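Derivation of every value follows stated rules applied to the coordinates shown; laboratory data play no part. Keep in mind it's a predicted model, so treat the numbers as computed, not measured. All Cβ positions, even for glycine, are placed from backbone atoms using ideal geometry, and neighbour counts span all protein chains on display.
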Amino acid sequence: MITLLGLALCIAAIGAEAPYAVLLLCVVFAGLGIGLAFTPLFDCATAGVIPQHAGAAAGAVIAAQNIGLGIGTAVYSSLNGPPWWAVLCLLLAGLTTGWTKRTGTSDSLVPSGG
């Protein structure tokens, strides 16, 4: 939600032709939300992986993010919509992530010692 609010503030600041200092604060606010979101994302992605494979799992998450970024940018730019559509796309992505988040522990993915 912090990222969404920061992005909405950025779009409002650009539309109001606010000074760069205001835009900088909006971008920092959005970046704070992104930073707070990525730490739990990587924690969830590597939670059920044995330590020897944690780097590969984190690399797979980064690859998936880059693929999603490329597809999202292509779709958004082909629609040629207004800037506030970016806020709606981010909200849709957040809702999709919330719906697909697994609950419970992933202890079944860790191999047993015996």
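Residue-wise, which Karplus ³J(HN,Hα) couplings in Hz belong to the range 5-20, taking 6.51 cos²θ - 1.76 cosθ + 1.60, θ = phi - 60°, and x for glycine or proline?
Listing the rounded values in order: 5, x, 5, 5, 5, 4, 5, 5, 5, 5, x, 8, 6, 6, x, 4 Hz.
What is the spin-label model distance, in nm, from PHE42 to ALA54 if the labels are put 7 Å beyond Cα along the C-beta direction?
1.1 nm
Send over the semi-axes of the range 1-49's equivalent ellipsoid, whole angstrom and largest first, taken as the square roots of 5 times the C-alpha gyration tensor eigenvalues. Intermediate values should be presented prior to the final figure.
On the way: eigenvalues 178, 14, 6 Å².
Its equivalent ellipsoid spans semi-axes of 30, 8, 5 Å.
Pulled fully out, how much extra length does the chain show between SER77 and VAL61, if you take 0.36 nm times their separation in residues and subtract their Cα-Cα distance?
Full-extension gain reported as 3.4 nm.
For a quick protection proxy, order the peptides 20-28, 52-60 by their average other-Cβ count within 10 Å, most packed first. Please list the in-between numbers first.
Numbers: 20-28: 13.7, 52-60: 12.1.
In decreasing order of mean packing, 20-28, 52-60 become 20-28, 52-60.
Could you check the spin-label model distance between ALA21 and LEU69? Points 7 Å from the Cα along Cα→Cβ, value in nm.
3.1 nm
By per-residue mean of other Cβ atoms within 10 Å, what is the highest-first order of 5-18, 30-43, 65-78? Write down the numbers at each step before the final one.
On the way: 5-18: 16.1, 30-43: 12.9, 65-78: 10.5.
Result, highest mean Cβ count within 10 Å first: 5-18, 30-43, 65-78.
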